[in-house]
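Structure first, then comments.
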There are 2 protein chains.
Amino acid sequence: MTEILTEEKIKEAARIVFMEKGYAATGMRDIAAKAGVNLSLVNYYFRSKRNIFNLIMTEKMQKIFGSIIPYMIDETTSLEEKIKNISTMYINTISEDPNLPLFVFSEIQKNPEEFAFLFPLKQINFMETSIIKQFKTRCPEINPAHFMLNFLGMTIFPFIAAHLFSNMQTHIFDNILSVIEERKTLIPLWMNQILDSPIN
Amino acid sequence: MTEILTEEKIKEAARIVFMEKGYAATGMRDIAAKAGVNLSLVNYYFRSKRNIFNLIMTEKMQKIFGSIIPYMIDETTSLEEKIKNISTMYINTISEDPNLPLFVFSEIQKNPEEFAFLFPLKQINFMETSIIKQFKTRCPEINPAHFMLNFLGMTIFPFIAAHLFSNMQTHIFDNILSVIEERKTLIPLWMNQILDSPIN
DNA sequence: AATTGTTTTAAACAAATGTTTAATTTTTTT
DNA sequence: AAAAAAATTAAACATTTGTTTAAAACAATT
């Protein structure tokens, strides 16, 4: 019974190739080659390119959007604790899969309708989450969108930009891995600075 | 002499289609159709798909990376003024071309070698720019990469995330256009808060 | 050991791809 | 007005694409 092994080998190969080249630039033959498997087996186990891609995409969307939800709705933590927990969790998660944000964002952009329905954040009422309620109490004058954009921008953007520049042999962001590691403790401090700003 | 008109029509069509679908998903027939022109004319004027794409890509990389350089090296402005000028300039520039960051980042990721040599920031010594020298004076303990990542993350990330969510009919970032407009004045205030933080 | 079901293979498929060719139309030059 | 040059067209090209077919190899069951 080698069945599960082959199926998982193909899925893992698809993960790697899709993440690297995107949907359009990936061929079924690329996946088969990376899995070390006959071309027909990809269709045999997964029916079509669209089908296997959507499996991977669902996984990755869950990973980047779904993972934040438990932290956002947690009524037992303070705003500061949420910031600390989410930035640490995100930096850990994305460090293992540095191309995750760029992959997910750019595939959604190319096919928004196809993936809208499996967007995990659609299922919760964003404005009624604990984190947003806490922010509104703290900064009643500021649109909570600003808070989320600042927070996620500071956390996620470094992966989009830096992993890229290092591939281009630019030296702007040398030691980027240790820089990103430092951000686990720095981002919460900076976010508190912003929250306490007299602007609010 | 309709020559220039046709050539520019094709280039403009290529701009639109490439920005929307990316290199791999764009066909020569898509470009010809969008330009309202015979398929052969695309090769007649631009020789190959790679060639016309690289023209567009050079343009866009100049727009997103090149436009920031004059502000970074300007010795006549303070750090605060640079922050104000760059965030305003970027928000104006990208608002007219909201998919610019995602397009450039994801195409570079798929082909880092091809575009490394035309990366405008390779030509300047990043660490010796005025903005970085000013930051190091202000915050000697902090790696300047953090400063640039915070600043660019707060400025650019909203376009990557928000334009996307609105296409997905999520309501997380409603009124995103006015929110982004507000950020022209808010980002400099937040950045100053971060710069003045007792952490540094 | 024979039969059944499952997995793997090589070959072929039609459709789509980027590109080229050669003829035709249009424009420019003489 | 004739000749030359440039722009446009339709058709074909060789590859590559995702997918299917049908036979072979393998495993499980009787």
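The values are calculated or read from the model by the stated rules, or taken from the named source; none is laboratory data. Source: prediction; values computed, not measured. Glycine gets a Cβ as well: all are built from the backbone with ideal geometry, and neighbour counts include every protein chain shown. Remember, those area values only see protein heavy atoms, side chains included, never the ligands or the DNA or RNA. Shrake-Rupley method; radii C 1.70, N 1.55, O 1.52, S 1.80 Å.
Modelled label-to-label distance, residue B:63 and residue A:5, 7 Å Cα→beta-carbon offset: nm?
5.1 nm
Given the rule -39500 (n - 2.57) for each run of at least 4 DSSP H residues, summed and divided by the residues of chain A, what is its mean residue ellipticity at 222 nm, to the nearest 500 deg cm²/dmol?
Details: 11 runs with 147 residues, N = 200.
The helix-only estimate for chain A comes to -23500 deg cm²/dmol at 222 nm.
May I have the convex hull volume per residue, in Å³, for the Cα set of segment B:3-47?
Values: hull volume 2.6 nm³, N = 45.
In segment B:3-47, the Cα convex hull volume per residue is 58 Å³.
In degrees, nearest 10, range 0 to 90: what is the angle between the Cα axis of helix A:100-110 and the longest Cα principal axis of chain A?
80 degrees
Go through segment A:177-193 residue by residue and turn each phi into a ³J(HN,Hα) via Karplus (6.51, -1.76, 1.60, θ = phi - 60°); whole Hz please, and just put x for glycine and proline.
Computed from phi, the couplings for segment A:177-193 are 5, 6, 4, 5, 4, 4, 5, 4, 8, 6, 4, x, 5, 5, 4, 5, 4 Hz.
What does the charge count near residue A:21 come to, summing +1 for each Lys or Arg and -1 for each Asp or Glu among other residues with Cβ under 15 Å from its Cβ? Show your work: numbers first, answer last.
Numbers: positive: A:15, A:29, A:34, A:49, A:60, A:110, B:21, B:110; negative: A:20, A:30, A:107, B:107, B:113, B:114.
Around residue A:21, the surrounding residues sum to +2.
Explain nothing, just compute: Karplus ³J(HN,Hα) = 6.51 cos²θ - 1.76 cosθ + 1.60, θ = phi - 60°, for every residue of segment A:123-137 in order, whole Hz, x for Gly and Pro.
Taking θ as phi minus 60°, the curve returns 7, 10, 8, 3, 6, 9, 5, 4, 5, 6, 4, 5, 5, 5, 5 Hz for segment A:123-137.
Can you compute the modelled spin-label distance between residue A:25 and residue A:123, with each label point 7 Å from Cα toward Cβ, in nm?
It is 3.3 nm.
Between B:104, B:42, B:179, where does the largest GNM mean-square fluctuation fall for chain B, given springs only between Cα atoms within less than 10 Å?
So, out of B:104, B:42, B:179, the one fluctuating most is B:179.
Restricted to Cα positions, what overall size does segment A:93-147 have along the principal axes? Three whole-Å values, descending.
36, 28, 16
Residue B:59 label points, 7 Å along Cα→Cβ, one per copy: pairwise distances from this copy to the rest in nm, shortest first?
Those label-point separations list as 3.8 nm.
May I ask for the net charge around residue A:131, where only other residues with Cβ less than 15 Å from the Cβ of residue A:131 are counted and Lys, Arg are +1 while Asp, Glu are -1?
Details: positive: A:82, A:84, A:133, A:136, A:138; negative: A:74, A:75, A:80, A:81, A:128.
Every neighbour counted, the sum reads 0.
Could you tell me what a quarter of the Cα convex hull surface of segment A:1-108 works out to, in nm² with one decimal place?
Mean shadow area of the hull around the Cα atoms is 8.2 nm².
To test your reading of the geometry: what angle, between 0 and 90 degrees and rounded to tens, separates the Cα axis of helix B:79-95 from the longest principal axis of chain B?
The angle comes out at about 20 degrees.
Return the ratio Rg/(2.2 N^0.38 Å) for chain A, where Rg is computed over Cα atoms only. It would help to have the intermediate numbers written out before the result.
Values: Rg = 19.7 Å, N = 200, 2.2 N^0.38 = 16.5 Å.
After normalising by residue count via 2.2 N^0.38 Å, the value is 1.19.
Say the cut-off is 26 Å between C-alpha atoms; which of A:9/A:49; A:34/A:122; B:21/B:122; B:110/B:136; B:11/B:63; B:82/B:136 go over it?
Table pairs above 26 Å Cα-Cα are A:34/A:122; B:21/B:122; B:110/B:136.
What ³J(HN,Hα) values, in whole Hz, does the Karplus curve 6.51 cos²θ - 1.76 cosθ + 1.60 give for segment A:6-21 when θ = phi - 60°, with x put for Gly and Pro?
3J(HN,Hα) across segment A:6-21, in whole Hz: 4, 4, 6, 4, 5, 4, 5, 4, 4, 3, 5, 5, 4, 4, 7, 10.
What do you get for Rg/Rh over the protein assembly as shown if you use C-alpha atoms and the Kirkwood form of Rh?
On the way: Rg = 22.2 Å, Rh = 22.7 Å.
Result: Rg/Rh = 0.98.
Can you send over the solvent-accessible area of residue A:30, 1.4 Å probe, protein chains only, in Å² to the nearest 10?
Counting only protein heavy atoms, residue A:30 exposes about 60 Å² to solvent.
Where a ≥ b ≥ c are the square roots of the eigenvalues of the C-alpha gyration tensor, would you call segment B:115-200 rounded, which needs a/c under 1.5, or, failing that, prolate if a/b is larger than b/c, or oblate?
oblate
First select every other residue whose beta carbon is under 12 angstrom from the beta carbon of residue B:149; then total the charges, Lys and Arg +1, Asp and Glu -1. Working shown, then result.
Numbers: positive: A:183; negative: A:182.
Net charge around residue B:149: 0.
Please give the helix A:144-167 orientation as an angle from the longest Cα principal axis of chain A, in degrees from 0 to 90, rounded to the nearest 10.
Once rounded, the angle reads 50 degrees.
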